[in-house]
1. If you take the residues of region 512-552 that are among the hydrophobic types (A, V, I, L, M, F, W, C) and part of a loop (DSSP other than H, G, I, E, B), which of them is most open to solvent (accessible area, probe 1.4 Å)?
2. Looking only at helices (runs of 4 or more DSSP H) that lie completely in region 372-440, which have at least 2 residues being out of contact with any Leu (no Cβ under 8 Å at 6 or more places or on another chain) and either of a type in the set (A, V, I, L, M) or over 20 Å from R94 (Cα atoms) (or both)?
3. So which residues in region 251-288 are crowded, with 16+ Cβ neighbours inside 10 Å, free of Cβ contacts under 8 Å to residues at least 60 places away in the same chain and in a loop (DSSP other than H, G, I, E, B)?
4. Among the residues of region 95-113, which ones are buried (at least 22 other Cβ atoms within 10 Å of the Cβ) and among the hydrophobic types (A, V, I, L, M, F, W, C)?
5. Name the pairs: first residue in region 170-182 and outside any loop (DSSP other than H, G, I, E, B), second residue among the charged types (D, E, K, R), Cβ to Cβ under 8 Å, at least 6 apart or on different chains?
6. For the structure I just gave you, tell me whether F235 is in contact with a Pro (Cβ under 7 Å, 6 or more places away or on another chain), in contact (Cβ under 8 Å) with a residue 24 or more places away in the chain, within 20 Å of V345 (Cα to Cα) and among the aromatic types (F, W, Y).
7. Do the conditions hold for P246, that is, is it within 30 Å of T57 (Cα to Cα) and either of a type outside the set (G, A, S) or in contact with a strand residue (DSSP E or B) (Cβ under 6 Å, 6 or more places away or on another chain) (or both)?
8. Yes or no: S137 of a type in the set (G, A, S), at pLDDT 95 or above, in a helix (DSSP H, G or I) and open to solvent by 10 Å² or more (accessible area, probe 1.4 Å)?
Amino acid sequence: MADHLASHLLLEQLAAEGTRFIFGSLSSAHSPLIAAALEVRSDIHYLAALHEQIAGTMAIGYAQASGRPGVVSLPAATGLINGLSSLYVAKRGRIPLVVIADQQDTRILNEEPPLSGDLCELARPVAKWVCELRTPSEIPRQIRRAFHEALSPPKGPVFISAPVNILLAQTPGSRVIAPPQTSPLGAAESTFLKKAAKALVSAKRPCVIAGNEVSLYSARKECVALVEVLGCPAFSEPLPTGVNFPNRHPQFAGVMPLDIHKASQLMSSFDVILLLGVQTRLPSNLGEPPLFPPESLVVQLNVEAGLAGRTLPCDLTAIADVTESLSRLRAEIQVIVDTNWVAAVKQRANRSIAAIAKHRQEVEESITFPAPNAPIPLIWLLRLLDAVRSQKSMVVSDVVCDFPNPFEILCLENSSAYFSSNAGIGGYALAAALGVQWSSPESSVVCLTSDESALCYPQALWTASHYGLHVKFVIINNLGRANFSVQLAAIPNNPNRVLLDNPAIDLPELARSMRVPSASVSTISALESSLQQMFETPGPYVLDVHIEDTLD
């Protein structure tokens, strides 16, 4: 290659960081970075979407499933504006993203040419760190820092503005920087572990809340082991973004509800509450009950600095590696307990398991199978979907519903079984499922979303069709009667809500226009065969499932 441009140097540094894919929109194909990728690198693939938000959310799904930062290329100005929602999703979910946006030529930037703007200021509210390249020689240092910032607790999105004249400059003799081997954060200090162990051993009614950091930092095995040692129930934090605790474990008591009244009632019987990597906080408004009983002792452990004890009342807090800390905590407990405590814990475990099993049985008995031609209840859609899909398939969901909660109904045992968002941004699941598929091309991916969310960015179906991705889109269709997302306030049966019936939207026809096979089903008798047909059809598939009006 005669010329070695800064865009080539940037690409080489991305390769040194382990980058396999650059997610972008069709507009970002004009970037010098993408031109270099298409020209010289066969091991970094450019993956195109029709919209910047889709590209960003594909990168989010890839990062969630692979553990590597997703790399996104955005066109100048409006490209960043279109992609800001994906940065917000990544920031809320602590998902590592490296976003690189083109900027206009710095030699004319002060004249405010078209597609120019202060990109760093636009990105700053939703990014951990921002910078604009000033010289070609600094590219390896700034890209290295970008990956460092994206992966350091709290993980999240970073943004780099890349002026095109910088990317097209010559860089003779410049070299990439090899990423260092990073030591883990380490366990919590000894005093905290001893006090936490003493509190848990002394507890009569302890419980554990497994937060999103448990799945984010691969501490699920250690969390389960501690719960089994304590013989107590385990909950998942509200809006789980991964499998924080295996939901078929006999001591899994469910997902904490978003409703502060229900959550407070659920916590009222526990005297010691251990919060492990909890990110989502449920602050109470004036006149509402506190989340935890005032007399209970609360212990919180987080990887991210500033979370533990920030808004939730805590007696003990620590910032440390969750995995190592749980192993040490379990060891501390074993040092101070005796045979009487072990016998008492076995009884407590039996009581916890029996109570959880009784509750599950009561829920089971309250659910009746509808008549063959009856509308499809959401819970039966989830159950039949779980029965038909491969247990090795991966579920990507943006459906938020206390009951039936997909996280509780679907069988989610392994760490890569489920991915979601806690940001409440429509269109997440449709695009994130594509990124999850890119991380595990041999796996089947199920996208579970609502009609309203799917219509935010239906262009994602084009990308699925273009690359022949094996993603199965299950769209819950009730004409938008329920948002199935995070809401500021619950307003049931709102008469002012705009329904998706005027005009009616033919989702299967929309899918077929992008060459995605599709079908629609509206009765329970046809649901199972429709699901089977979806999984038997190669490539992407859209199943439009009309569910009953209510959520009961």
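The values are calculated or read from the model by the stated rules, or taken from the named source; none is laboratory data. These numbers come from a predicted model, not from an experiment. Cβ sites come from the backbone with ideal geometry, for glycine too, and all protein chains shown count toward neighbours. We work out accessible area using only protein heavy atoms, side chains counted, and drop any ligands, DNA or RNA first. Shrake-Rupley method; radii C 1.70, N 1.55, O 1.52, S 1.80 Å.
1. So, considering only residues that are among the hydrophobic types (A, V, I, L, M, F, W, C) and part of a loop (DSSP other than H, G, I, E, B), the one most open to solvent (accessible area, probe 1.4 Å) is L551.
2. The helices (runs of 4 or more DSSP H) meeting that bar are 378-388, 428-439.
3. Once the filter is applied, which keeps residues that are crowded, with 16+ Cβ neighbours inside 10 Å, free of Cβ contacts under 8 Å to residues at least 60 places away in the same chain and in a loop (DSSP other than H, G, I, E, B), region 251-288 yields M256, L282.
4. Result: I95, L97, V98, V99, I100, A101.
5. Q170/D3
6. Details: in contact with a Pro (Cβ under 7 Å, 6 or more places away or on another chain): no; in contact (Cβ under 8 Å) with a residue 24 or more places away in the chain: yes; within 20 Å of V345 (Cα to Cα): yes; among the aromatic types (F, W, Y): yes.
It is false that F235 is in contact with a Pro (Cβ under 7 Å, 6 or more places away or on another chain), in contact (Cβ under 8 Å) with a residue 24 or more places away in the chain, within 20 Å of V345 (Cα to Cα) and among the aromatic types (F, W, Y).
7. Taking the combined requirement at face value, the residue satisfies it.
8. no
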